[in-house]
Amino acid sequence: MAYVRVPTPRTAAEISFILLPRQPPVTSADIDFTGQRLARYAPAPRVQDGTGSTSSDEGGAAEPGDYEEDDLAPIGATTKIPKPPGEPGCPDSGGWALKDQLVKTEKWGDKEYKAIRARVNAIAKEKNLNLGISYGNQKPEDIDAVCERIQSEYIFLEKYEDCWPIRCILKSILKYRAEASRKVPPQPQT
């Protein structure tokens, strides 16, 4: 009988570990609130030298003038809330549950979520979306019309990037409707 050598797992004593330094957290001391624009100081700012090329300055603190226009954001500028990574309705594969995300994380009320979902459904019918096909097969201008209408009725939705809560609600409604329409058996011809 021949024996086959099977590799054994390595023990912690056989593995070497290297600890990497952690980046310090960004604090309000790192932000300049004095100018017309808000500048965040980074550890390696882009500085223009005498030749016209840019380089990073590893030593010393950066000055507001060291940053280019693209690095600065206007004071009072608000950033919109981005869509979470992953897809709604797919919590087992890196996504998230839509209702949980909106009610628990975004702090919508349960009644508010249900009311907005019902309103999206009603406006989708009103705007003549084809409820028998999925979101991806709809006309983009029809989807945008639904989003604009809902945003005009619920002003707080303007803080979300690309109206993602409404688009996700609409995707789930259309997905359910498209699947339901495929399951309906054809009516016999008489």
Kindly list the number of the only condition in (1) over 27 Å from residue 79 (Cα atoms); (2) free of Cβ contacts under 8 Å to residues at least 12 places away in the same chain that fails for residue 132. (2)
Return yes when residue 62 is outside the structural domain of residue 149 (by TED's automatic domain parsing), surrounded by 12 or more Cβ atoms within 10 Å (Cβ to Cβ) and either part of a loop (DSSP other than H, G, I, E, B) or at pLDDT below 55 (or both) and no when it is not. yes
Inspect all residues belonging to segment 104-115 and state whether any of them is within 17 Å of residue 88 (Cα to Cα) and hydrophobic (A, V, I, L, M, F, W, C). yes
Residue check: is residue 103 within 18 Å of residue 87 (Cα to Cα) and of a type in the set (A, V, I, L, M, F, W, C)? yes
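The values are calculated or read from the model by the stated rules, or taken from the named source; none is laboratory data. None of these values were measured; they are calculated from a predicted model. Counting neighbours? That spans all protein chains shown, and the Cβs are built from the backbone with ideal geometry, glycine included.
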